[in-house]
Amino acid sequence: MAKWTPKHEAPEPLEGPVVATVTGGTIVWFVLFLVQLPFYGWFDDHGHLWWLWTCLAGGGLGLIGVWYVRRRDAAIKRDTALKATGAQ
């Protein structure tokens, strides 16, 4: 089997408003959970109760994601500030 080698360099990763994106997604998951909560009985009767718990799990995992990306963003800013002062 031949080893695959890339024909060109990979592009730099795109940086955007990561904290805002993850926070927005987390809010959407929690809103979907709250919107579906009044229909708990219907979901239970029709075997779709997992929809409700999926939204809650998405919101919970989103909170972990918000914590992670905030720490990552702070670390990137600290590194940039250290490089700007020449203290490396």
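The values are calculated or read from the model by the stated rules, or taken from the named source; none is laboratory data. This is a predicted model, so every value here is computed, not measured. Every residue, glycine among them, receives a Cβ derived from its backbone with ideal geometry; neighbour counts consider all protein chains shown. The protein model used for the area step is the full one, side chains on, heavy atoms only, and it has no ligands, DNA or RNA in it. Shrake-Rupley method; radii C 1.70, N 1.55, O 1.52, S 1.80 Å.
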### On Cα atoms only, tilt of 49-85 relative to the major axis of the chain in degrees
20 degrees
### Summary
Distribution output for the chain: share of Cα-Cα pairs per 5 Å bin in percent, first bin at 0, values 3, 12, 13, 12, 11, 10, 10, 10, 8, 5, 4, 2, 0
### Task
Could you give the size of the charge dipole of the chain about its Cα centre, using +1 on the Cβ of each K and R and -1 on the Cβ of each D and E, expressed in debye and rounded to the nearest 20?
500 debye
### Query
Rolling a 1.4 angstrom probe over the protein heavy atoms, how many square angstrom per residue are accessible across the chain?
85 Å²
### Task
With label points built 7 Å along Cα→Cβ from the Cα atoms of Phe43 and Ile27, find their separation and express it in nm.
2.1 nm
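Can you order the peptides 29-42, 67-80 by their average number of other Cβ atoms within 10 Å per residue, highest first?
Answer by packing, highest mean first, reads 29-42, 67-80.
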### Angle in degrees between helix 18-36 and the longest Cα principal axis of the chain, rounded to the nearest 10
0 degrees
#### Entry: Positive dipole terminus of the chain, leading residue within Gly16, Gly58, Ile27 (C-beta point charges)
Gly16
#### Entry: Relative contact order of the stretch 7-73, pairs being alpha-carbon contacts under 8 Å that are 6 or more residues apart, as %
46 percent
### Task
Tell me what the chain gives for mean residue ellipticity at 222 nm when only DSSP H runs of n ≥ 4 count, each as -39,500 (n - 2.57), the sum divided by the residue total, rounded to 500 deg cm²/dmol.
-24500 deg cm²/dmol
